[in-house]
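Trainee: One structure, as structure tokens, below. Some questions next.
The values are calculated or read from the model by the stated rules, or taken from the named source; none is laboratory data. Note that this is a predicted model, so its numbers are computed, not measured. In this analysis, Cβ positions are derived from the backbone assuming ideal geometry, glycine residues included, and neighbour counts consider all displayed protein chains.
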């Protein structure tokens, strides 16, 4: 049965909306099962700098509190917490249905300062140049991998999908294993987009390919 599935290469990469009866308009919020309020607020508010904008009972389970944090652009991340639960920094389960990591955008001008904050006030970080963006990786109080990512170029939000789709086409023609800096640069040139380039430190790709 599984051998009859279409391979991933059969699916078109495009920024155009699919011909569907419905379309989403963005991410409203993501909700995670947290530990307790104190540890959750200590990381997401006091380390990452997200305002705690709403607190109320979990409407489906009043034994838990529902915490709402603004991630920086009005998009929300929320946690169900209970003061009786201890934080658990051990690695989380992997496999189908698991959360691999969460990625939040950071200001490129604050990249080095944020890196120093993670080193001095939290549990450190790993840093990678992913070709099309630059990232720091750390873990929250429950061991969930948190990526803090910044684009290398100030690409307008309404053009990001188009640029990535064009870079994918160029990458495939180039025969490269993953999207590299030169593919984004060529995509920007072909789309006649000339955004500001941010000055970010050198770092390994972290690629295993």
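Trainee: Determine if the range 159-172 includes at least one residue that is assigned to a loop (DSSP other than H, G, I, E, B), in contact with a helix residue (DSSP H, G or I) (Cβ under 9 Å, 6 or more places away or on another chain) and on the phi < 0 side of the Ramachandran plot. Steps first, answer last, please.
Mentor: Taking the range 159-172 and keeping what is assigned to a loop (DSSP other than H, G, I, E, B), we get none.
There is no residue in the range 159-172 that is assigned to a loop (DSSP other than H, G, I, E, B), in contact with a helix residue (DSSP H, G or I) (Cβ under 9 Å, 6 or more places away or on another chain) and on the phi < 0 side of the Ramachandran plot.
Trainee: Okay, next question. If I ask for residues that are under 26 Å from residue 101 (Cβ atoms) and more than 22 Å from the chain's Cα centre (by Cα), which ones from the range 19-41 would you list?
Mentor: Result: 36, 37, 38.
Trainee: Let me ask something additional. Identify the single condition in (1) part of a helix (DSSP H, G or I); (2) closer than 18 Å to residue 32 by Cβ that residue 110 does not satisfy, given that it satisfies every other one.
Mentor: It is condition (2) that residue 110 fails.
Trainee: Does residue 203 count as surrounded by 13 or more Cβ atoms within 10 Å (Cβ to Cβ), in contact with a strand residue (DSSP E or B) (Cβ under 6 Å, 6 or more places away or on another chain) and outside any strand (DSSP E or B)?
Mentor: On the way: surrounded by 13 or more Cβ atoms within 10 Å (Cβ to Cβ): yes; in contact with a strand residue (DSSP E or B) (Cβ under 6 Å, 6 or more places away or on another chain): yes; outside any strand (DSSP E or B): yes.
Yes.
Trainee: If the Cβ limit is 6 Å and pairs must be 6+ apart or interchain, which residue in the range 166-178 that is at pLDDT below 90 pairs with which residue that is surrounded by fewer than 18 Cβ atoms within 10 Å (Cβ to Cβ)?
Mentor: That search, which allows pairs on different chains as well, returns 177/209.
Trainee: Return the residues of the range 90-107 that are outside any loop (DSSP other than H, G, I, E, B) and buried (at least 16 other Cβ atoms within 10 Å of the Cβ); say none if nothing qualifies. I'd like the intermediate steps shown before the answer.
Mentor: Of all residues in the range 90-107, those outside any loop (DSSP other than H, G, I, E, B) come to 102-105.
Across the range 90-107, the qualifying residue is only 104.
Trainee: Take residue 117 and tell me if it is in a strand (DSSP E or B) and within 23 Å of residue 42 (Cβ to Cβ). It would help to see each step written out before you state the result.
Mentor: Numbers: in a strand (DSSP E or B): no; within 23 Å of residue 42 (Cβ to Cβ): yes.
For residue 117, the condition - in a strand (DSSP E or B) and within 23 Å of residue 42 (Cβ to Cβ) - is not met.
Trainee: Moving to a separate point now. Scan 175, 161, 131 and give me the residue that is farther than 30 Å from residue 40 by Cα, under 18 Å from the mean Cα position of the chain (by Cα) and surrounded by fewer than 18 Cβ atoms within 10 Å (Cβ to Cβ).
Mentor: Numbers: 175 fails: under 18 Å from the mean Cα position of the chain (by Cα); 131 fails: surrounded by fewer than 18 Cβ atoms within 10 Å (Cβ to Cβ).
Only one candidate qualifies: 161.
One line per residue, one yes/no per condition, for (1) touching a strand residue (DSSP E or B) at 6+ places or on another chain (Cβ under 9 Å); (2) surrounded by 14 or more Cβ atoms within 10 Å (Cβ to Cβ); (3) more than 25 Å from residue 111 (Cβ to Cβ); (4) in contact (Cβ under 8 Å) with a residue 60 or more places away in the chain:
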position	(1), (2), (3), (4)
33	yes, no, yes, no
36	yes, yes, yes, no
46	no, no, no, no
52	yes, yes, no, no
55	yes, no, yes, no
